[in-house]
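Engineer: Can you keep this structure in mind? I'll have questions shortly.
The values are calculated or read from the model by the stated rules, or taken from the named source; none is laboratory data. Because the structure is predicted, anything quoted here is derived from the model rather than measured. Cβ sites come from the backbone with ideal geometry, for glycine too, and all protein chains shown count toward neighbours. SASA here: full protein model, heavy atoms, side chains in, ligands and nucleic acids out. Shrake-Rupley method; radii C 1.70, N 1.55, O 1.52, S 1.80 Å.
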Amino acid sequence: MDEQILTLLREHAPEFLSGEEMSRQLGVTRTAIWKRVGTLRNSGYNIEASRRLGYRLLQSPDLLSPAEVRPFLRTRWIGKTIHYFRTVDSTNAQAYQLALRGAGEGEIVVAESQEKGRGRLGRRWFSPPFRNLYLSVILRPKIPPHQASLITLMAAVATAEAIEKTSGLHPMMKWPNDLLMSGRKLAGLLNEIHSETDRVHFVILGIGVNLNTDERGFSKEIRDIATSLKRETGKAVSRKVFLQHLLQTLEKWYDVFNKQGGFPILQAWRNWAQIEGKQVKITSFGESLTGKAVDVDSDGALILETAKGQRKRIVAGDVEYTKKETRGVRS
Ligand code: BTN
């Protein structure tokens with residue numbers, strides 16, 4: 001009912017709408033409306049109440065709830081169903097369970113905080129409340145499992161584009177899916193797939209973007225290696241607007257992937273990553289390799305050239321650029 005109350009108030013803002021009219025339109029008592037308005041106020045909505053005139057909405061909080069995200073969401077199919085949590089173990093874990101129970105392509109899970117936010121390679125993802133974005137998208141691409149890495153690169157491109165649109169920052173992309181700014185991590189992606197040998201059943205696209213965490217908001221362990229849009233630009237970002245943009249860019253790039261295949265995704269990723277010729281150190285399955293990055297393969301694997309001139313394909317691992325490179329705000 002909260003979403004319906006907000007819709008009515010938004011339609012009438014900045015005017016008042018009487019409690020009587022609201023109760024008539026929603027088919028509930030005036031007391032029920034009054035109680036719900038109380039709960040909305042507790043969640044951060046500034047709603048003025050007047051005995052004579054009724055209620056009017058003065059300001060909405062920056063929440064990632066369906067009531068806040070849906071009204072200005074300009075997508076055709078991603079995010080039409082939003083599973084929203086104040087707190088959750090991990091949005092990826094929730095999305096995975098939902099997908100197993102048949103949730104459809106484009107359904108999303110968002111949370112204001114995560115208690116066990118998952119990072120790559122078994123790491124934790126720092127997930128404090130009401131600061132950042134923790135998103136998981138359920139996709140059901142008709143592809144064999146070895147192409148799933150292309151979906152990761154696609155999501156990295158879409159996330160970088162959403163960051164650039166909302167902040168003007170041009171993040172650096174690190175294979176396979178880190179977005180960095182001034183050498184520090186701004187966003188990370190964790191994609192989990194469920195498949196059989198020949199066919200993917202679903203992909204959970206997990207995206208974490210540090211939006212409004214201040215320098216001191218990061219735990220000591222990651223303060224020097226993590227950053228946020230706010231830390232980089234000095235300005236707070238509207239999280240719901242960021243989410244709306246990100247869902248739009250994801251929809252655009254996923255449509256490109258479905259219609260045109262992996263080639264345009266790889267091209268876009270190459271443009272963002274500028275990986276060719278960079279000296280890298282790769283840790284993959286406990287082994288360390290150094291060399292020069294050559295390109296990404298048609299399935300998204302990294303091609304590395306060792307000092308001896310041997311070419312190697314890396315399908316998973318952690319990359320470190322051994323020559324420091326930073327990028328700043330695009331002028
Ligand atoms: C990484 O760089 O290690 C990947 C981090 C991915 C974090 C996101 S936050 C939303 C989604 N839910 C999770 O538990 N993890 C991903």
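Engineer: Determine the pairs where a residue that is modelled with pLDDT of 95 or more, located within the stretch 242-258, has a partner that is of a type in the set (S, T, N, Q) and assigned to a helix (DSSP H, G or I) with Cβ atoms under 6 Å apart, the partner being 6 or more residues away or on another chain.
Structural biologist: Pairs that qualify, where the first residue is modelled with pLDDT of 95 or more and the partner is of a type in the set (S, T, N, Q) and assigned to a helix (DSSP H, G or I), are Phe242/Thr166; His245/Thr166.
Engineer: Out of Glu221, Glu192, Glu251, report the one residue that is among the charged types (D, E, K, R) and in a helix (DSSP H, G or I).
Structural biologist: On inspection, the qualifying residue turns out to be Glu251.
Engineer: Inside the stretch 80-134, can you point out the residues that are without any contact (Cβ under 8 Å) to a residue 60 or more places away in the chain and among the aliphatic types (A, V, I, L, M)?
Structural biologist: Ile82, Val88, Ala93, Leu98, Ala103, Val109, Ala111 - these are the residues of the stretch 80-134 that are without any contact (Cβ under 8 Å) to a residue 60 or more places away in the chain and among the aliphatic types (A, V, I, L, M).
Engineer: Follow-up question, since we're still on this one. Does Pro144 fit the bill of being surrounded by fewer than 16 Cβ atoms within 10 Å (Cβ to Cβ) and either within 7 Å of the ligand (Cβ to nearest atom) or within 16 Å of the chain's Cα centre (by Cα) (or both)? Give the steps one after another, and end with the answer.
Structural biologist: Details: surrounded by fewer than 16 Cβ atoms within 10 Å (Cβ to Cβ): yes; either within 7 Å of the ligand (Cβ to nearest atom) or within 16 Å of the chain's Cα centre (by Cα) (or both): no.
No; evaluated as a whole, the condition is false for this residue.
Engineer: May I ask you to list the residues in the stretch 147-156 that are touching a Gly at 6+ places or on another chain (Cβ under 6 Å) and either farther than 15 Å from Val256 by Cα or open to solvent by 20 Å² or more (accessible area, probe 1.4 Å) (or both)?
Structural biologist: Residues of the stretch 147-156 touching a Gly at 6+ places or on another chain (Cβ under 6 Å): 149-150, 153.
Scanning the stretch 147-156 gives a single hit, Ser149.
Engineer: Being without any contact (Cβ under 8 Å) to a residue 60 or more places away in the chain and among the hydrophobic types (A, V, I, L, M, F, W, C) is the filter here; which residues of the stretch 206-225 pass it? Can you show your working first?
Structural biologist: Within the stretch 206-225, the subset without any contact (Cβ under 8 Å) to a residue 60 or more places away in the chain is 214-216, 220-221, 223-225.
Ile225, the sole residue that qualifies.
Engineer: Right, another one. Any residue in the stretch 306-320 that is touching a residue at least 60 places away in the same chain (Cβ under 8 Å) sitting within a Cβ distance under 7 Å of a residue that is charged (D, E, K, R) and in a loop (DSSP other than H, G, I, E, B)? List the pairs, counting only those 6 or more apart or interchain.
Structural biologist: If the second residue must be charged (D, E, K, R) and in a loop (DSSP other than H, G, I, E, B), no pairs are left.
Engineer: Given the residues Thr159, Thr197, Thr152, which is the only one that is modelled with pLDDT of 95 or more and either near the ligand (Cβ under 10 Å from one of its atoms) or among the β-branched types (Val, Ile, Thr) (or both)? Before the answer, list the steps.
Structural biologist: Working: Thr197 fails: modelled with pLDDT of 95 or more; Thr152 fails: modelled with pLDDT of 95 or more.
Selected residue: Thr159, the only one of Thr159, Thr197, Thr152 that is modelled with pLDDT of 95 or more and either near the ligand (Cβ under 10 Å from one of its atoms) or among the β-branched types (Val, Ile, Thr) (or both).
Engineer: May I ask you to say which residue of Glu3, Glu11, Glu68 is farther than 30 Å from Val203 by Cβ and either in contact with a Lys or Arg (Cβ under 9 Å, 6 or more places away or on another chain) or at pLDDT below 95 (or both)? Let's see the steps before the verdict.
Structural biologist: On the way: Glu3 fails: farther than 30 Å from Val203 by Cβ; Glu68 fails: farther than 30 Å from Val203 by Cβ.
Going through Glu3, Glu11, Glu68 in turn, just one is farther than 30 Å from Val203 by Cβ and either in contact with a Lys or Arg (Cβ under 9 Å, 6 or more places away or on another chain) or at pLDDT below 95 (or both): Glu11.
Engineer: Could you list, in sequence order, the residues of the stretch 162-177 that are more than 15 Å from the ligand (Cβ to nearest atom) and not in a helix (DSSP H, G or I)? Can you show your working first?
Structural biologist: Of all residues in the stretch 162-177, those more than 15 Å from the ligand (Cβ to nearest atom) come to 164-170.
Of everything in the stretch 162-177, those that are more than 15 Å from the ligand (Cβ to nearest atom) and not in a helix (DSSP H, G or I) turn out to be Gly168, Leu169, His170.
Engineer: Okay, next question. With respect to Ile138, determine if the residue is part of a helix (DSSP H, G or I), open to solvent by less than 20 Å² (accessible area, probe 1.4 Å) and in contact with a Phe, Trp or Tyr (Cβ under 8 Å, 6 or more places away or on another chain).
Structural biologist: no
Engineer: Looking at (1) open to solvent by 50 Å² or more (accessible area, probe 1.4 Å); (2) in contact (Cβ under 8 Å) with a residue 40 or more places away in the chain; (3) more than 27 Å from Asp89 (Cβ to Cβ), can you tell me which one Gly234 breaks?
Structural biologist: (2)
Engineer: Would you say Asn210 is surrounded by 13 or more Cβ atoms within 10 Å (Cβ to Cβ), within 16 Å of the ligand (Cβ to nearest atom), closer than 30 Å to Ile82 by Cα and at pLDDT below 95? Before the answer, list the steps.
Structural biologist: Working: surrounded by 13 or more Cβ atoms within 10 Å (Cβ to Cβ): yes; within 16 Å of the ligand (Cβ to nearest atom): yes; closer than 30 Å to Ile82 by Cα: yes; at pLDDT below 95: no.
In short, no.
Engineer: Just checking, how many residues over the stretch 115-129 are within 18 Å of Lys240 (Cβ to Cβ), surrounded by 15 or more Cβ atoms within 10 Å (Cβ to Cβ) and more than 7 Å from the ligand (Cβ to nearest atom)? Give the derivation first.
Structural biologist: Start the filter on the stretch 115-129 by keeping residues that are within 18 Å of Lys240 (Cβ to Cβ), which leaves 127-129.
Still in the running and surrounded by 15 or more Cβ atoms within 10 Å (Cβ to Cβ): 127-128.
Within this subset, residues satisfying the condition of being more than 7 Å from the ligand (Cβ to nearest atom) are 128.
Number satisfying all stated conditions: 1.
Engineer: Name the residues in the stretch 313-326 that are under 25 Å from Ala162 (Cα atoms), surrounded by 15 or more Cβ atoms within 10 Å (Cβ to Cβ) and of a type in the set (Val, Ile, Thr), would you?
Structural biologist: Correct list: Val319 only.
Engineer: I would also like to ask the following. Which condition from (1) touching a residue at least 40 places away in the same chain (Cβ under 8 Å); (2) more than 22 Å from Trp253 (Cβ to Cβ); (3) out of contact with any helix residue (DSSP H, G or I) (no Cβ under 6 Å at 6 or more places or on another chain); (4) away from the ligand (no atom under 13 Å from the Cβ) is the one that Trp77 breaks?
Structural biologist: (2)
Engineer: Something else about it: Against the condition of a type in the set (Asp, Glu) and open to solvent by less than 60 Å² (accessible area, probe 1.4 Å), how does Glu112 come out, does it pass?
Structural biologist: Values: of a type in the set (Asp, Glu): yes; open to solvent by less than 60 Å² (accessible area, probe 1.4 Å): yes.
For Glu112, the condition - of a type in the set (Asp, Glu) and open to solvent by less than 60 Å² (accessible area, probe 1.4 Å) - is met.
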